[in-house]
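Here is the structure we will look at, set down as structure tokens.
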Amino acid sequence: MGLRERKKAATRAAIRRQALALILEQGYEATTTEQIAEAAGVSASTFFRYFPTKEEAVLTEDVFARVHRYFLDEPAGTPLTDALRSGVRRAYAEMSGDDRDEDLDRRRLMFTVPELRSALIARHATGIGELAEDAAERTGRPASDLDVRAWAGAFIGVLLSVSLSVAEEGGGEPADFAELLDSAIARVQGGALDL
């Protein structure tokens, strides 16, 4: 990335970080976009150049863009689920501890704030199509192929299930989201669900 792109990425990350921190501290309703912008050191108009809504400032994340990229980078012939698991592991491995904590806080908020939860469900529906497109690129089959779409839907469902599990977890030791997600995908992949 050039300097300009790095500055944009840093601004975007600062806005997201401040949105999350303020919402965790004050609550979703009590936090305004103006407060988020001020805490991030940007104007309100700059906030809206990066995020159209407060919900987007919380919901938008970079980790799954990296998962998709790594998924597509896996060698040809790698089974889809193996490629996906590798993408998850690689994306989370490059995150700092603070980034992982922030990701976990965001996932918990997504299920406890009604406005975020409904936006999240819509986003995951879109995610099925995006993952199906990626799978189509890897397999040469159309994204509309029922098996491709069912595969994508299954793993978006796993993502939702693990996110919900983490959101509902008690006050004990925080979960390692990446490990839980990889383990759940592996269990579905291997038919190891004890049902």
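If you go through the range 1-42 and pick out every residue that is under 25 Å from R100 (Cβ atoms), in a helix (DSSP H, G or I) and open to solvent by less than 30 Å² (accessible area, probe 1.4 Å), you end up with 10.
Residues in the range 153-187 that are in a helix (DSSP H, G or I) and open to solvent by 60 Å² or more (accessible area, probe 1.4 Å) were compared, and the one that is modelled with the lowest pLDDT is E168. Set side by side, the residues R69, R85, R107 differ, and just one is open to solvent by 70 Å² or more (accessible area, probe 1.4 Å) and in contact with a helix residue (DSSP H, G or I) (Cβ under 8 Å, 6 or more places away or on another chain), which is R69.
The condition (being assigned to a helix (DSSP H, G or I) and within 20 Å of A154 (Cα to Cα)) is satisfied by just one residue among S45, S86: S86.
Okay, residues lined up against (1) under 21 Å from R108 (Cβ atoms); (2) among the polar types (S, T, N, Q); (3) without any contact (Cβ under 8 Å) to a residue 12 or more places away in the chain; (4) touching a Ser or Thr at 6+ places or on another chain (Cβ under 6 Å):
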| residue | (1), (2), (3), (4) |
| --- | --- |
| Y70 | no, no, no, no |
| E74 | no, no, no, yes |
| P79 | no, no, yes, no |
| R85 | no, no, no, no |
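Quick one: would you say A57 is in a helix (DSSP H, G or I) and under 29 Å from G129 (Cα atoms)? Yes.
Per the listing D101, D147, the residue uniquely in a helix (DSSP H, G or I), open to solvent by 70 Å² or more (accessible area, probe 1.4 Å) and more than 23 Å from D82 (Cβ to Cβ) is D101. For the range 104-119, the condition holds for no residue, the condition being that it is of a type in the set (V, I, T), in contact (Cβ under 8 Å) with a residue 60 or more places away in the chain and within 27 Å of A135 (Cβ to Cβ).
Close contacts from the range 29-48, counting a first residue that is closer than 18 Å to V113 by Cβ and a second that is of a type outside the set (A, V, I, L, M, F, W, C) and part of a loop (DSSP other than H, G, I, E, B), with Cβ to Cβ under 9 Å and a gap of 6+ residues or different chains, come to T33/T53.
The values are calculated or read from the model by the stated rules, or taken from the named source; none is laboratory data. Just so it is clear, the structure is predicted and the values come from calculations on it, not from any experiment. Here Cβ is always computed from backbone atoms with ideal geometry, including for glycine, and neighbour counts include all displayed protein chains. Just so you know, the surface numbers come from the protein's heavy atoms only, side chains and all, with ligands and any DNA or RNA stripped out. Shrake-Rupley method; radii C 1.70, N 1.55, O 1.52, S 1.80 Å.
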